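The block underneath contains the structure these notes are about, expressed in C-alpha cells.
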Amino acid sequence: MLDYLTAKLAYEVDVLDAAAGLDSGEFILVDTRKQASWDHGHALGAIRLLDNIPAGRTVVVYGWGPGCNGATRAAAALIARGYSVREMIGGFEYWYRSGLDVETAAGTVHPPVHPLVGASGAAL
C-alpha cells in the first residue's frame, strides 16, 4: 500500500501546489479540454494541449474535474513522448472552486472561494 501511495503522490498534484509551481516556473500547466471549454475559461497561465509544450520542466495536465479522464489520457501520451508529467487533482473544477484566477475572453476572472473550501484553499 505504501508503494501505491508514494507513486500516487509522485504523479498527482493538488491545485494549490500546481498554482505555486506555475508561478515559480517549476511547472507548465496544460489544459486538455476541448477548444470550446478553453474558450469559455481556463486556468490563468495554462496553455492548450495542442500548443507546443516546451521540454525540460514538469508538465501538469488537467481536465474538467474528478470525473474526467481526458487529462489521464493526455498524460499517458506525453509520458510516452518523454515528458515528465503530473495530473492536477480535481481539474478545472477544483481550480475554480479554490478561487484561483481564470482567464476568459473578457479578461481575468477572480472566482470566489467555494464555501466548502477554506480561505487558504485547503479542504475543511
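Could you please find all residues in the range 22-41 being under 14 Å from Ile89 (Cα atoms) and free of Cβ contacts under 8 Å to residues at least 60 places away in the same chain?
Leu29, Val30, Thr32
From (1) in contact (Cβ under 8 Å) with a residue 12 or more places away in the chain; (2) among the basic types (Lys, Arg); (3) assigned to a helix (DSSP H, G or I), pick out the condition that doesn't hold for Arg86.
Arg86 satisfies every listed condition except (3).
If you take the residues of the range 7-19 that are modelled with pLDDT of 95 or more and more than 20 Å from Val109 (Cβ to Cβ), which of them is farthest from the chain's Cα centre (by Cα)?
Tyr11
If you check every pair at least six apart or on different chains, which have Cβ atoms under 6 Å apart with a residue in the range 66-79 that is at negative phi first and a residue that is assigned to a helix (DSSP H, G or I) and of a type outside the set (S, T, N, Q) second?
Cys68/Gly91
Out of everything in the range 40-62 that is more than 19 Å from Val13 (Cα to Cα) and at pLDDT 95 or above, what residue ends up being nearest to the chain's Cα centre (by Cα)?
Looking at the filtered set, the residue picked out is Gly41.
Sort out which residues of the range 78-110 are among the small types (Gly, Ala, Ser) and surrounded by 15 or more Cβ atoms within 10 Å (Cβ to Cβ), and write them in order of number.
Those that are among the small types (Gly, Ala, Ser) and surrounded by 15 or more Cβ atoms within 10 Å (Cβ to Cβ): Gly90, Gly91, Ser98, Gly99.
Ala122 passes all but one of (1) modelled with pLDDT of 95 or more; (2) loosely packed, with under 14 Cβ neighbours inside 10 Å; (3) among the small types (Gly, Ala, Ser); which number fails?
Every listed condition holds for Ala122 apart from (1).
What helices (runs of 4 or more DSSP H) completely inside the range 1-77 contain at least 2 residues that are small (Gly, Ala, Ser) and surrounded by 15 or more Cβ atoms within 10 Å (Cβ to Cβ)?
Once the helices (runs of 4 or more DSSP H) in the range 1-77 are filtered for at least 2 residues that are small (Gly, Ala, Ser) and surrounded by 15 or more Cβ atoms within 10 Å (Cβ to Cβ), what remains is 15-24.
The values are calculated or read from the model by the stated rules, or taken from the named source; none is laboratory data. Keep in mind it's a predicted model, so treat the numbers as computed, not measured. Glycine gets a Cβ as well: all are built from the backbone with ideal geometry, and neighbour counts include every protein chain shown.
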